[in-house]
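Working notes, structure below.
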Amino acid sequence: MIQPYTDASLTELDGSPVVHMVRLPKLAWAAVALATVHVVWLAIWPSAPWSEFVSQRIQFLAGLLACVACWQASRRSHYFAKSFWRFSSISFGLWCFGSIVSSLQDLDPRASLDPPLWLVLVTFLSAAPMFIAVLTGGGEAEDTIRWDLVLDVSQLLILVVAIHLMLVVLPSLTLGGDRSASNRLMLLAAWRGALAVALAVRAIFSKSQMLRNLMAPVAGAMSLFAIAASIGNYIHRFYSWPEVRWFELAWTIPFLMVAVAAMVWREPQPAPAIGKSTADAAPGFIIYLPALAIPVLLLAMYSTILFEQIVVGLGAMIISIICFTLRVLVAQRRQKQTLERLQSSERRYRSLFEHNMAAVYRSTLDGRLLDCNQAFCDMFGYTQDEILNTSTTVLYPGGREEREATLALLRRHGAQRSIEATFRRKDGSQIHTLGHRAISLDEHGRETLEGTLIDMTQRRSLESQLQQAQRMESLGMMAGGVAHDFNNLLTVINGYSAMQLDSIPASDPVHHYAVEIKAAADRAASLTRQLLAFSRQQVMEERVVNLNSLVRDFERFVRRLIGEDIEVRTCFGKELATVRVDPGQMEQVLMNLVVNARDAMPTGGTITIETSNVFLDAGYLDRQPLVAAGPYVKLSVVDTGSGMSEQVMAHIFEPFFTTKALGKGTGLGLATTYGIVQQSRGYIDVQSKPGSGSRFDVYLPQLTKSSSSAAIETPLVAARGVEGILLVEDNQQLRAMAKTLLESYGYSVFAVEDAAQVESICELHSGKIDLLLTDIVLPRMSGTEVAKRVSAKVPGIKVLYISGYSTHASFDRSSLDASGAFLPKPFPPAVLAAKVREVLDQRVAGQA
């Protein structure tokens, strides 16, 4: 009965499971040795006076070994196997107790030949625990008390005791010991046979392979025990054969077989949760089936029945009915609790389903929606009734073909997790989602499509805007770097060409060359300014401006710019708030937008310029998450031109991108506009469709009414001077040009390449230096740091900063007034001379 252990998780090369032969423990070898000793004893001393006593002791040791082995097996097991081995251990323990007490009584000469009733019942009922484990086991594994099983066990024990009293105990009082002993042997044989049959039935018809492996060896051993013990008892009772002593092995051999089976038992790991299902449990009617034996026995014994037997039988039937009634009540209570748990589970599921922020759905494979939550309806813009009566194919942009392709993909590759997909809302707009989907079986075995969706449309829009901003930032850094290098070169070219024009008469052909060089340098300087404006690295001379006034001034100019076939309309907002911008740059923004609108209307049309006060709230921020909420002044330019596609709109602010013919545009107009608006802390929004015109909305932060307006600027006038100027510039060509230029205007110039030399120059010429002219960006220290050091050596010195580098795009008029004047590169020579004169004259006026 020892079976090999099969590990299904391991396989041979041919795919068959790996079989591990169980190694017998030491106790198993002890069991084999004990069986061998009993056989040898019966073979050598079959008729010795003490042979029966020794056989009984060997049987006792076999039962004790089985008891210990079963208990150890229970400690290695879980769920039903644990209870089965534990009940089996109790059965063998009761038998051993009855055996040792019976042996002690046999040694007592004063004891009666007939054993006491309690001892007979202990011996008779010793198989009851194992019988109970077989019939009631295999159900749920719970830590709480199973009162239905307690009632089943009580019912079974009561019936067994009642039958024993009716057939054995009561007849012994009237019919004599022989008749009682015969009944006892027959009842004992039937009882053992019932146990063997119960074990065999569970081993054969069990749904679990583990249960079959568990019970098959024990069923074989107890079947052998029931047959051999019954034959041995019958022969010993009615015949005097010497060979009958060999039937004493009917106890030793089966008990040792059970012991060995328990010793080699190893539950598969991890232990299967057999108890989680009651499908393999013995039906309740099997437990109560023995109750039918009582009326059958009473009818069978109607001619010889005793009054006491009737009382016992009727009492057992009444108790059985009571137990059955209680069991029904317990079953109803358990059913009610189970129903309440199911209802609670259903409520929790519905709550999780309905209140889930993700869209949850379930549909048939032909596209009929079976169920969905409110988030699903909100995501697609339908009501619950509408969506349930709508085929899900309309939610796919590609219709039925796209849905069939999705199902084919699911069948081929299984469930899809974290899959991005695009669907169509009720209003026709597209929605981008992230979700899970899979084909599963419902409670009727039909295939359904189940899944969850999360709306990623806003996130995709935000990611797109972020990528656009990063791309524009990268292009801006590149444009700013190029513009910085050009500024130095153009300043040198512009300066020398201007000085050449002043020194060469107009009749000289070289004078014409110098004019062309300067014109080319001016055009290049304009291009550089556009690059700086796009990259938000141009120095802004900001003022407090009312856009209504700016648009009115611009309107007179723009009408001459766009031609007679285009109508210009203006709409001014009332009580328009002021903004802080560079007026010249904002005029450049208007110019670029109007020119762009003009080019979109080659056959004529209308351009509308509007201003208004607006407040950007959550509704706008849903479309533009990067915008800060608050009050703004909106400047709009609307045209009735050809409009733009989404592909064109995705690139319109990129430098050098243009839809115009070759040679008709540089592609910097809208890029410059974007940079100026961004640098002015504003935002620009575009709305356009092919054939429907375009609308550009510029949003600039409002200022409070207490903000002061810009001061009136006076034109710069170049004039000669005799003051001393400390020039700090790391670019050799620019430094030489500026020194030559300023010296031509009569100034004394101390030119320094390295900023570390300024302090020594100041100590040597402190009384001759009236102005510091310095680049802001220098190799070892900034221009502001140079100004601090020079001011410490020459108190009251004036400072004029020059720069074309991107780092100083944040300088505005107020910061320059506080720290010094500023002149952006590139600059004409006359502008430099005039700015120097202006700064020096401000110092003289201050002293006066």
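Nothing in this text is a laboratory measurement; each read-out follows from the coordinates by a stated rule. The structure presented is a predicted model; accordingly, all values stated were derived computationally and were not measured. All Cβ positions, even for glycine, are placed from backbone atoms using ideal geometry, and neighbour counts span all protein chains on display.
Data for the structure
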quantity: Ordering of 368-377, 209-218 by packing [mean C-beta count within 10 Å, highest first]; calculated: 209-218, 368-377
quantity: In sequence order, calculated HN-Hα J values of the stretch 418-431 (Karplus, 6.51, -1.76, 1.60; Hz; x Gly/Pro); calculated: 6, 9, 8, 8, 10, 10, 10, 7, 4, 7, x, 6, 8, 10
quantity: Gained length - Asp685 relative to Val330, 0.36 nm times residue gap less alpha-carbon distance; calculated: 120.5 nm
quantity: Order by protection proxy (mean Cβ within 10 Å, highest first), peptides 424-430, 643-649; calculated: 643-649, 424-430
quantity: Gain upon complete extension [Ser507, Gln647; 0.36 nm per residue less C-alpha separation]; calculated: 44.9 nm
quantity: Under Karplus coefficients 6.51, -1.76 and 1.60, residue-wise ³J(HN,Hα) of the stretch 835-840 in Hz, glycine/proline x; calculated: 5, 4, 5, 4, 5, 5
quantity: Nitroxide proxy distance, nm - points 7 Å out along Cα→Cβ at Met186 and Ile321; calculated: 2.9
quantity: Residues Ser344 and Ile100, FRET efficiency given R0 of 51 Å [Cβ-Cβ distance, rounded to 0.05]; calculated: 0.40
quantity: Estimated distance in nm for a label pair at Asp565 and Thr740, the labels positioned 7 Å out from Cα along Cα-to-Cβ; calculated: 5.0
quantity: Estimated distance in nm for a label pair at Arg552 and Ile419, the labels positioned 7 Å out from Cα along Cα-to-Cβ; calculated: 6.4
quantity: Residue-span extension gain [Phe353 to Ala408] - 0.36 nm each, minus C-alpha spacing; calculated: 17.1 nm
quantity: Residues Ala830 and Glu516, FRET efficiency given R0 of 22 Å [Cβ-Cβ distance, rounded to 0.05]; calculated: 0.70
quantity: Sites Leu365 and Glu52, calculated FRET efficiency, Cβ-Cβ separation with R0 56 Å, nearest 0.05; calculated: 0.15
